[in-house]
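What follows is one structure encoded as structure tokens, with my remarks underneath.
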Amino acid sequence: MLRVKTSLIKKTVCALMVMLLCVPMVVSGHAADDDVLYFGALEESIAQNVKTTTAEKGIFFTSGLVQGSLEFLSNQWVFSDISEGTVTFQNFVVNQGDVVKKGDPVVEVKVAVDEVEKEEVELNLSAAKRNLEEYVADTKLLLDQYKAASETGSEADRQLAALSYTKLLKTFNSEVENREARIDEYTLRLDEIEDLENTKYINATTDGIVGYLARLRKGEVITGWSFLCVINDPEKVRVVVEGGSDTLRYNMPVKIIQRTGNRNVELTGRVLTMKSTASSVNLIARNDIIEIYGDKSKLMPGSQVTIKFDKTYVEDAVMVKKSAIKTDKKGSYVNVFVNGFSTKRYVIIGGSDADRSWIVSGVNEGDIVILE
């Protein structure tokens, strides 16, 4: 009889436990969601194996990147200003991006002059000097004779000699001046030819940064006024984002980054172009323009730059670890511990970075969120 009663009691207890497990659990006065598993009385022991995180407030930001190019608004072209002789290119003595001063050498050249012309000028110069010496000697001798005759003989002979002396002296001075001027011309021309022979470099015409270099081979003949390179004014440069970017806004602070080989430059700037729906389409620039601050002489002309900016920036944002966010057919949600129970909360996410998500609504600061 005792064995029968004991068996009956065990069956009754089992039936009660089954009934209890089948009753829907209630959290915070609301019926449990069909998609959520609640721990009930077993919560304490299970929670020990669950990883959690706390929703915290802080600064949330994500960075955006776009590519741009440098636009120099003022520059000078360097040409070959050697118009005589045969000029051959040797090499550039500067590189793109170098800072130069006016008069600094930028191109090494070799100049070959016309040897026939040079020899002709030398012969003409020598002959002009010799002729001048002979003319001066002969004329001075004749002048001395006229002077002597003007001091002796009859009155008529003296007057005629004096008149001849005066006339010859005037002609003599004019002729000497003309012949000396001709000698100066030959001398100047010979100096020009010798300067051409000694020309080794073509120099910078202004201060600035060396930009585009012409493609020239060693030994290539350079004709008069051939283009050699560009020198840019580093103070008059800006960044252009071709086609614009929807993420850039007027007056937005940005960082301008350029990495070329071992050259790393990082400057600050701000967006100058405005995109407003209130503005006429005709007044909105197709490209975004960015003003640059700092030492712009370090920038390499012709190379791309990266524009970095804060795409999202919230000073007092509620954030949780990104791994805590789950999704289902209704949207994004997190599992939060409330009074020892796990509850499912749908959330609105403002943004995410590599580690965290900014929760616009659905979670408050200090909430304990289940990670796994």
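Pairs spanning more than 32 Å between alpha-carbon atoms, out of 275/296; 275/330; 308/330; 101/255; 57/329: 275/330; 308/330. Between the listed residues 350, 257, 234, the Cα displaced farthest toward the positive end of the dipole of segment 230-365, a dipole computed from Cβ unit charges relative to the Cα centre, is found at 350. For the pair residue 355 and residue 140 in one chain, pulling the backbone fully straight at 0.36 nm per residue adds 66.8 nm over the alpha carbon distance. A cut-off of 5 Å between modelled amide H atoms, ignoring neighbours fewer than 5 places along the same chain, links residue 98 with 210. Length gained on full extension, residue 102 to residue 187, computed as 0.36 nm times the residue gap minus the Cα-Cα distance: 27.6 nm.
Heavy-atom accessible area per residue, segment 177-263, 1.4 Å probe: how many Å²? Could the numbers behind the result be given before it?
Details: 5300 Å² over 87 residues.
Roughly 61 Å² per residue, with all protein chains present.
Summary of packing: across the peptides 234-240, 170-176, the per-residue average of other C-beta atoms within 10 Å ranks them, highest first, as 234-240, 170-176. Given a 1.4 angstrom probe, I'd like the percentage of the accessible area of segment 222-280 that is carbon and sulfur, rounded to a whole number. C and S fraction of accessible area: 48 percent.
When 136, 106 are compared by accessible surface with a 1.4 Å probe, the order from highest to lowest is 136, 106. Using the 1.4 Å probe convention, the accessible area of segment 303-372 works out to 54 Å² per residue with neighbouring protein chains retained.
Taking all protein chains as they are arranged and a probe of 1.4 Å, the heavy atoms of residue 249 leave approximately 120 Å² accessible to solvent.
For residue 129, which lysines qualify as cross-link partners when the Cα separation must be under 29 Å and same-chain residues fewer than eight apart are set aside? Partners within reach: 118, 140, 147, 167, 170. Taking a straight line from the alpha carbon of residue 311, these aspartates and glutamates sit under 18 Å away, with near neighbours fewer than eight places off in the same chain left out: 246, 288, 353, 355.
The values are calculated or read from the model by the stated rules, or taken from the named source; none is laboratory data. Here the structure is a predicted model, which means the values were calculated and not measured. With ideal geometry, Cβ positions are generated from the backbone for all residues, glycine too; neighbour counts draw on all protein chains shown. Note: areas computed on protein heavy atoms with side chains; ligands, DNA, RNA excluded. Shrake-Rupley method; radii C 1.70, N 1.55, O 1.52, S 1.80 Å.
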